Every structure is written in structure tokens, then in C-alpha cells.
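Read the structure below first, then the notes.
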Amino acid sequence: MSQKKLLASLKSILPSHCVLSTEEELRPYECDGLSAYRQIPKLVLLPETVDQVQQVMRLCYAEKLPVVARGAGTGLSGGALPLADGVILSLAKFNQILDVDYANRIARVEPGVRNLAISEAVGRLGLYYAPDPSSQIACTIGGNVAENSGGVHCLKYGLTVHNIAQIKVVTAEGELITIGGSGLDAPGYDLLALLTGSEGMLGIIVEVTVKLIPKPDFVQVLLAAFDDIEKAATAVGDIIAQGVIPAGLEMMDNPAIRAAEAFVHAGYPVDAAAILLCELDGGSEEELSEQVDTVSNILYQAQASQVRVAEDAQQRATFWQGRKAAFPAVGRISPDYYCMDGTIPRKQLPAVLKRISELSKEYGLAVANVFHAGDGNLHPLILYDANIPGELERTEQFGGQILEACVGAGGSITGEHGVGVEKIDQMCVQFQPLELEYFHAIKDAFDEHGLLNPGKAVPTLHRCAELGAMHVHKGQLPFPELERF
């Protein structure tokens, strides 16, 4: 079908203002949060109803037109990167909270609803939605499901997959299906877990039923400073080993501390090699006080140089504000930074941190480390200057080696950001060829023509063979037509 006929067909389904086709209109959609890769799509579509999504998908299926679903575009792995011959299907107009069921502690929301907006809407009921990515003021719940997003409070309350009950999905053929249920369990295969984290490769999410939990009655935050980053890493494992599960347990190294303090003025000790932020909650003052005493003792035994307990709610919020603002804060001290995302067993934190330090010296690139330390989710921020020829490529190689170190330590190449195009080569390190074959078989079962977000997340066996599995070179572009910046 010609471009003219395609536009006419789409405008028979969508209002004219919901079909974007000029370069000026398309340019804002050329990348997501991973701006190192950019590509202008063929078209951008902004449906307003589920029926319109179905009709669009039926047309794209008939024309074998690739479709990339997009939420807020805050993803950091290139998961919403367009294809030159494909369309972007934006769910931005699906921004309504459809229903709140207080008795069953669930809410039905459209995929374009911002993460934080859910908690704001149910706060008057004493409830909230637990997963809280650092981008929660902007990221949307549909994207959270697609990436299985995490956040500060996921140590105790789980990732997105643990906090949703049901989704409605439009298939590649344009059919509407419901996966999961409103109860504690649903019969049949657990397709809800399969779709969560599938990065838009298996279907288009058009509704999400999220679980809501009561706000804790009592909350306290501790800030512990250490003169050695490995001591802080050891303290993380010590806390969990004592049977204490904090609501959040975060770690920042000195470069991240200094950047956040200069940006937010949270009162962080800027001379510390590392800090831990530990949030505890409980149902009574006695229970919380006991936890605070236990954790304080553990931190001092781990050779913390100081342990500060927040004086009030304002100081608790300020402590967390610094952590939540760490990424933009680091952006103020370097022309560019590259945010990695890997996960390791907690006991391996000291060893992997040491390896990151060694790689930093080897590549001559500084690193600011920000971790969801309690669940072993690392976010090394590699500082570089894209204006220096070859420095982005070296940064990518450095990041690839960090991810390989995570795999070698018994971990994973991603904790919450997804694979997208960023980590697709490291999938060849994480999985064996037979395992990848099963991934492709699942993709074929949902999307036999490979129209949904093609080229993302799961590499071809041919690609892995060319890379030589463990010998990964991130310089190779996922799509030959991409512009690199």
C-alpha cells in the first residue's frame, strides 16, 4: 500500500490530528530515554479508544507493517526505539483511572496513567501502589508492565509483576484478550507473568488492574555513612541475613552522593565513600523502634562511620529526594552519562563493585554508582563525552563488561530497565542457544509475522554466533539504518 493510501486508511480509523506524518511531528518520537540511538518512524499514531487500537492493528497486520508501542518514552534501553519502515503506536491518550475497588484493593487503569498518579488518586483511602521507579512522576503504568519496572520499595513489596492482577491486551491480529484475573490466582498458564516484562513484543497493553496496599502506619528512614564502599555493600547482606526486610535499601557511592547533594541539598555526608538509605515500616511504634535498633546495631557492626535516623517526615522525604534525583544530578556534572542496569546476588556486591572500579581505571571513564542494593540491582552511571570521537563506543564496551560481570557473578543483565536494543548482545551471554530458541518460539506463537517491536530484547541465533557468545562487541548497531549520537 502506498503512503498516501496508508494515510487515508489510518485517517478513516483515527481523527486526523491523531495521525502524525511530517518530520516535525515525528522527530519527538525518534528515541526514548536511551538517546544514543535515534530513528524517525514512518508514522506516529495516537488512538483514543481500544476499538481504534484494534482497527489499527488489523490494518498493520494486513499490511505487514511493524508496530512499536510507546508509553511516556522514559525507558532507558531503547525499547521504544522506532523503525524507519514502521509506526509508533502511542498510548498517551489512555490516561484515565477507570475504577478503584477499595474492598478488594485493586484499581483498573489505562496504560497511559502515570505511575505516581495512581498513589495520588487512592491516597485519601489510605492506599498506594508500591512499585516506584525513579521516573514515577513521568513514567506510565503500561510501560512499567512492559519493562517489569522496579523501584525503591520493590525489595519488600515486589516488582510490577507482583503488583498487578490482570491486563487487557490487543494482539498482533487486532483481537482483544484478558489475561489474569481479579482474584489471587487464575486458571491456566501464568501468561500474566509472561506478558509482564515482554517489552511490547507479544501484545499491546490497553488496560491494567493494579494491586493497592495500605500505607504503613509507622515509617522511619536511616542514613548510614561508610568510609569504604565494600563495607557498605557487606552491610546490605548483613541486614537481610538478620531477617529484617526493609521497605527500601538503597546505596550511593561518593560521586553520586556529591552530585545529589549539590542538586537537592539533602544533607548527605559528602566525604563518605558510600551511604546506605534504609526505610523501615511497621504496624506499631514498638515494632518499628525494635527494627531501627536492630538495623542501627548491624550498621555499626559493619563499621558505619555514622548512622542518622530521620527526625521527622520532612527529613525522611528529603533523604529520599536525593536518591530519586540521583540520575538528573549526575547529568549536571558530566556532558553525558550511560546508565547501566544489572542484577547480582547481594553477597556478590563487594566483588562486583571492585570489578567496576577496575574497569573504570582500565577505560579511563569515571563511574557514579546508584543501587537498589537490597535486591542487588545495580545502576552504574558511566560518565563520558559524546563529543569525543569513539568515547560512546568505549562507554558501551565498558557497560557490556559490567553486565558480563553480573552474569559471571550469578546475576542478570537487567533488573528493571529491560533489554531493548541496549543489551541485546549480552543476551547471547546470559542464555544458551536452546533457551533463545524457546524465546523465539514464544514470540512466534503470539506474533507469527514478527510485527510487534521487532529486533528488540531477543537476539537471533545468527547474531549470537557472529558475536561468538562471550566475545561481545557493543559497537555493532542493532539496526543498520539507525543514527548514532
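The values are calculated or read from the model by the stated rules, or taken from the named source; none is laboratory data. The structure presented is a predicted model; accordingly, all values stated were derived computationally and were not measured. Because the Cβ atoms are built from the backbone with ideal geometry, glycine has one as well, and the counts that use them run over all protein chains shown. Side chains included, ligands, DNA and RNA excluded: accessible areas come from the protein's heavy atoms. Shrake-Rupley method; radii C 1.70, N 1.55, O 1.52, S 1.80 Å.
Of all DSSP bridge pairs formed entirely within the chain, close to 90 percent run antiparallel.
A simple spin-label model places the labels of I245 and A103 2.9 nm from each other, with each point 7 Å out along Cα-to-Cβ. The protection proxy used here, the mean number of other Cβ atoms lying within 10 Å of each residue, ranks peptides 384-390, 275-281, 399-405, 349-355 as follows, highest first: 275-281, 399-405, 349-355, 384-390. Overall, the accessible surface of the stretch 324-393 at a probe of 1.4 angstrom is composed of carbon and sulfur to the extent of 51 percent.
Rounded to the nearest 500, the helix-only mean residue ellipticity at 222 nm of the chain stands at -10000 deg cm²/dmol, with each DSSP H run of n ≥ 4 adding -39,500 (n - 2.57). With R₀ fixed at 30 Å, the C-beta to C-beta distance from D238 to V309 puts the FRET efficiency at about 0.95.
Straight-distance candidates among the lysines for linking to K215, with alpha-carbon spacing under 16 Å and chain neighbours fewer than 8 residues away dropped: K156. Here the extension length gained between D227 and D293 equals 21.6 nm, from 0.36 nm per residue of separation less the Cα-Cα distance. A simple rule links phi to the HN-Hα coupling: the Karplus curve 6.51 cos²θ - 1.76 cosθ + 1.60 with θ = phi - 60°, which for the stretch 297-307 gives 4, 4, 5, 5, 5, 7, 6, 5, 7, 7, 10 Hz, with x for Gly and Pro. Summary of packing: across the peptides 456-463, 30-37, 232-239, the per-residue average of other C-beta atoms within 10 Å ranks them, highest first, as 232-239, 30-37, 456-463.
Summary of packing: across the peptides 46-56, 209-219, 79-89, 305-315, the per-residue average of other C-beta atoms within 10 Å ranks them, highest first, as 79-89, 46-56, 209-219, 305-315.
A Förster radius of 41 Å combined with the Cβ-Cβ distance from R58 to N387 puts the calculated FRET efficiency at roughly 0.35.
Taking every protein chain into account, the accessible area of the chain amounts to 41 square angstrom per residue (probe 1.4 Å). Computed in the context of the full set of protein chains, the accessible area of the stretch 48-120 at 1.4 Å probe radius has 45% of its extent on carbon or sulfur.
If the cut-off is 20 Å between C-alpha atoms, which aspartates and glutamates fall inside it for K64, apart from same-chain ones fewer than 8 positions away? By straight Cα distance, K64 reaches D51, D85, E173, E175, E199, D444, D447, E448, E481. Listed cross-link partners K324/K354; K11/K93; K5/K443; K211/K423 are compared with a 21 Å cut-off, the Cα-Cα value being larger for K324/K354; K5/K443; K211/K423. Full extension of the chain segment joining K4 with L184 gains 59.9 nm, where the gain is 0.36 nm per residue of separation less the Cα-Cα distance. Computed in the context of the full set of protein chains, the accessible area of the stretch 201-320 at 1.4 Å probe radius has 46% of its extent on carbon or sulfur. With pairing defined as another cysteine C-beta under 4.7 Å, the cysteines of the chain that fail it are C18, C31, C60, C139, C154, C278, C339, C406. In this structure, the amide hydrogen of V370, modeled 1.01 Å from its nitrogen in the peptide plane, lies closer than 5 angstrom to those of H379, L381, counting only residues at least 5 positions away or on a different chain. With the simple spin-label model, which puts each label point 7 Å out from Cα in the Cβ direction, the S12 to A325 separation comes to 5.3 nm.
Round to the nearest 0.05 the FRET efficiency obtained for Q96 and D217 when R0 = 41 Å and r is the Cβ-Cβ distance. According to the calculation, E is roughly 0.85. Relative contact order for the chain: 15 percent, from Cα pairs under 8 Å spaced at least 6 residues apart, divided by residue count.
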